[in-house]
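One structure is given below, encoded as C-alpha cells.
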Amino acid sequence: MAAQRVVGLLRSVRGFASASGYSRTTVGLSPDPVQGIPWRLEDFGTDYKHWFVSVKEPVPETREEMAAHCVKILSAITGSEDEARKKMYMISTRCYYAFGALISREEAQELKKVPHVDDVLPDSYVNRETKDYGGEPFFDGQLVPYDPKYHKFFDDFWAANRAEAEARDKEEAEARARGDIETDEEDDDDDDDSKSKECKSFLSI
C-alpha cells in the first residue's frame with residue numbers, strides 16, 4: 001500500500017508532462033502558473049527519451065531478482081535482455097517499484113502493453129540541479145551497491161508527512177479533550193497509513 005502511495009506521488013510529479021496532457025511540440029515554451037516565468041519541459045529532464053516505468057506488485061524479494069525482473073519486462077520490446085540492460089538507467093527497489101528506460105515514444109507505448117507494467121510516463125528530474133532522475137543507478141547493465149541517499153527525497157517526504165499527521169492528531173486530541181469535537185465511536189483508525197508508515201525497505205538489500 002505504501003509503495004502505491006509513493007507511485008501516486010511520482011505520477012503527480014511527472015504527470016504534468018504525460019502524453020495525455022502535454023508534449024514538447026505542443027507546449028514548447030510555457031509560463032509558470034505561479035511565478036509567471038517561462039519554463040520548458042526539457043528543463044525538468046522531460047525529453048521523451050527517458051521513461052519512468054512503474055512495475056505492478058507483487059515483485060521479487062531481492063534487489064537482484066527485481067533487476068532481472070525489470071530487464072525481462074523491458075526485453076519484451078528490445079528483443080533481448082542484453083539490449084534491455086543497455087537501455088536501463090535506474091531501478092527502484094525501495095519506496096516504489098519501477099525502472100527507467102531510454103526508449104522512444106513508440107516503444108513506450110508498446111511497453112504499456114507488456115505484462116507486469118503498471119504505467120509508463122515521461123521521466124523528470126527529482127533534483128534539477130544535479131539532473132538526477134532518482135532511484136538506484138543502473139550502470140552497464142548492473143545495479144550499484146545500495147546507498148540510502150538514492151531514496152532520500154522519499155525518506156524526507158515520509159518524515160515530513162508523518163510529522164504533519166502527528167501534529168494534526170495532537171491538535172485533534174486536544175480539541176476532543178476540551179469538548180470542541182464530539183467523539184465518533186464509529187471512526188475508523190484511518191486507512192491512511194501515511195500517519196504511521198515511512199519509506200521502508202520492501203526488498204532485501
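Read-outs throughout are calculated quantities, based only on the coordinates presented, and are distinct from any laboratory measurement. Because the structure is predicted, anything quoted here is derived from the model rather than measured. With ideal geometry, Cβ positions are generated from the backbone for all residues, glycine too; neighbour counts draw on all protein chains shown.
Qualifying GluC sites (Glu not before Pro) in the range 66-173, where qualification requires a DSSP coil assignment and no more than 12 other C-beta atoms within 10 Å, comprise Glu129.
Electrostatic bookkeeping for Asp140 treats Lys and Arg as +1 and Asp and Glu as -1; over the other residues with beta carbon under 11 Å from its beta carbon, the sum is +2. Between Lys131 and Asp180, full extension at 0.36 nm per residue minus the direct alpha carbon distance yields a gain of 12.8 nm.
About the centre of its Cα atoms, the range 98-143 shows a dipole size close to 120 debye [charges on the beta carbon of Lys, Arg (+1) and Asp, Glu (-1) only; nearest 20 debye].
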